[in-house]
Amino acid sequence: DLTTGTSVFSIGDASGSTTASDLGWNASTSGDTLRADDFRLTLRGSSLRELAGGAGVSLTTLDIQTGDGQSASIDLSSAVDTAEIIDSINSAGLPLIARVNEAGTGIRLRDVSGASGPLVVSSSDSTAANLGVEGSFEDGQIVGGSLDRQFIDRSSPLTALSAGKAIDSGSILITDSAGISGAINFITDSIDDVGDLIDAINGSAADVSVQINERGDGIVIVDNATGSGTLTIENGGSGTAATDLNLVGSAGDLTLSGSTVSGVNGSARTAITISETDSLASIVEKINAADRYADASIVTNSDGTFSLRLRSDTGGEAGRFGVESTGLDFAFDTNIEAQDAKIAVSVDGGTEQVFSSTDGVFQVGGQGTGVSPLTTATQLSEFSASLSSGSFVVTDSAGNSGAINLAVDNVTTTGELIDQINSLGIGVQATIDEDNNRIALIDTANGSETLSVRDIGSGVAASILGFTGEPGAADVNDQNVTAILGNTRGGTQSGDQGLTLTLKELSTSPVTIDISRNDGSIADVVSTFVDQYNALVDRLDSLTFFNADANEVGLLFGSSEAQRIRSGYGRLISGVVNGVGNVRTAAQVGIGFEQDGKLSLDRTKLLDEIESNRDGVEAFFATEQNGFASRLDDLANQIAGIDNSLLSNRTSTLSTQIDRNNDRVTTLDGRLERQRERLLQQFFETEQAIARIQSNQSAISSIQPISIPNQS
């Protein structure tokens, strides 16, 4: 509404028409904008080729007779989409209104003649059946069945199979009827869309085949093994990917292309079977047990009657759902249309940038695009550009520990980090929190100690990720647990980076928010660097000490590498950084050395320099290649980089020496064995000689003197 009047802006249906309702414009507002209800437009205007799960439908003539006896034969042979079908029926001259049904899945025909006769719809072929409206109806209304509009194809995102919800990282385990299993890993197999998933499953070890199902709303996995067992699909490890995709379970009989097969159908539809013995309470129980799309409850109406209420379990447009109640005397009304909240933000009267939110909380930052949800595919570099290496140790409350090395383990994404932590085999479970902002480390050991994470070596990966804080009570995945919640990307856990807005109510006039810089957060980051450097000094001191009184030395006493690490950082921090502007030394921003070789930070000096020379401070720290941070990064790579660094070369040298020593030990072992054999042989020969001598002595001792008779 472009006028400036004070009246209510409204659009309504003309007498005997539902055009405004069909367009979603049967509404009024005190503002100047009405938004079309595109939920009902999900079917209206769809191509006939999209119906029947993508197989398409063929139409000729539709015969309709209203309750007052009027009839018409409507030629639909030239219709190309559902809008033309609805328009053709409405323009046939009958007291009849055609529109998309409340669920947004089929066609509804309402007889408005006021007569008591039945509304009859038929055709000489399958046209009426193809449109889901065939039959004779006494109540003057036909709510057509689903036309199975295809909304999933190979290029669809994986979230199309999970009702728009995030899919857990991990794997799916498929076991065919012959007992052969195949695993699908969403990270290592690089699965980004439905086509990737189909190809991965078809290429697995299990003898199965996958395709889009006949309703076009999911995938069907068919067992080809013809074994004596049953095809089963389950979650791999501790993940829930198969559950999220509605694929968990055992195969049953399915009809596919007219044939009966054994398979699992991951349809987006959830069927709730209701019998005549069900009560409203038992229907609520069945819907809630299905645990998909919506929660059910019973509402007491003002007149003392009861109603069934379904509330989406997902906020915003992603939470929209439809209900098909064909054959049931249930009339569903949509009270609140699910839609994303939107705000328009401009800075100092500049160009407006529009942000969306499903829960009324807006993350405003970056280049006006908002903060995207944290997913398993998120690169760790989004937390910090330097987060490509580093090691840390995770210790659960029972005292069990495991180590993560980002470079050695080739961890580059959030999903890979979560999988690596979960594979440590200790009482810690890593996951993305329910706000999709942070990585949560949940203690599952229930021990008497405290869950902790600490950086090892000179790395700061755990600090950047926010894992070095204290665990506390947190709500993760609707459960109260003891956990460490990491940092958000590009900022700290307290949200110093960017702006978070929470929408509490609508406003008819612009809302002005004054925002000032928080220089304290910059000082906090510099303070963290100082603390980490001092921790490095302490570590080096503990490894290189010499105690003359006790005649004890550290493990790396006399190590040239330890000395080069200490001197390298000392020269860089105390030296001059050229080519970055008027701030050229760390001392100018309050960073200096103490007598014990550790760093200290003059916070007041740093803040004063930021206040008077912000651009100079930024250039000193952040200039590419020549800046202080870049030089620190280069030095770290020279010392501990993966390839051709001080420590990697030393490690390689030590490994070579160890191999050579092992070879020498093997050679000496061989020589000793041969010497042993020679000594044994000599001993044996000596024993034999001694035995012969003893035998000879015995023989000699047995000789008796010969008595010669006296001849005289």
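The values are calculated or read from the model by the stated rules, or taken from the named source; none is laboratory data. Given the structure is predicted, the values throughout are model-derived calculations rather than measurements. Glycine also receives a Cβ, built like all others from the backbone with ideal geometry; neighbour counts cover every protein chain displayed. Surface accessibility is based on the protein's heavy atoms, side chains included, excluding ligands, DNA and RNA. Shrake-Rupley method; radii C 1.70, N 1.55, O 1.52, S 1.80 Å.
Listing for the model above:
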read-out	value
Between helix 280-290 and the chain: long-axis angle, C-alpha atoms, 0 to 90°, nearest 10	40
For the chain: rounded, prolate or oblate by the Cα gyration tensor [a/c cutoff 1.5]	oblate
Å² of accessible area per residue within the chain, as computed with a 1.4 Å probe and no ligands counted	57
Region 148-221 - percent of accessible surface contributed by carbon and sulfur, probe 1.4 Å	47
Potential extension, Ser250-Asp435 segment - 0.36 nm per residue separation minus Cα distance	63.4 nm
Dipole of the chain, positive direction: furthest Cα of Ala483, Ala403, Gly239, with charges on the beta-carbon	Ala403
Cβ-based charge dipole, the chain, positive-most Cα from Asn130, Gln65, Ala622	Ala622
More than 13 angstrom apart: percent of Cα pairs within region 198-255	66
For Phe545, net neighbour charge (Lys/Arg +1, Asp/Glu -1) across residues whose Cβ lies under 14 Å away	-3
Farthest toward positive dipole pole in the chain [+1 Lys/Arg, -1 Asp/Glu at C-beta], among Gly447, Thr653, Asn710	Asn710
Under-30-angstrom lysine pairs by C-alpha in the chain, whenever the two are 8 or more apart or on separate chains	4
Cβ-placed point charges (K, R +1; D, E -1), dipole of the chain about Cα centre in debye, nearest 20	2680
Protection-proxy order for peptides 583-590, 643-650, each taking the mean of Cβ atoms within 10 Å per residue, highest first	583-590, 643-650
Region 138-246 - charge dipole about Cα centre, Lys and Arg +1 at Cβ, Asp and Glu -1, debye rounded to 20	140
Debye, to nearest 20: dipole size of region 651-710, +1 on Lys, Arg Cβ, -1 on Asp, Glu Cβ	120
Spherically averaged projected area in nm², based on the convex hull that wraps the Cα atoms of region 113-246	12.0
Inter-label distance for Val665 and Ser356, nm, one decimal - labels placed 7 Å from Cα along Cα-to-Cβ	6.4
With every protein chain in place, region 584-712: carbon and sulfur % of accessible area (1.4 Å)	50
Neighbourhood charge, 15 Å Cβ-Cβ cut-off, centred on Gly390 and excluding it, Lys, Arg +1 and Asp, Glu -1	-2
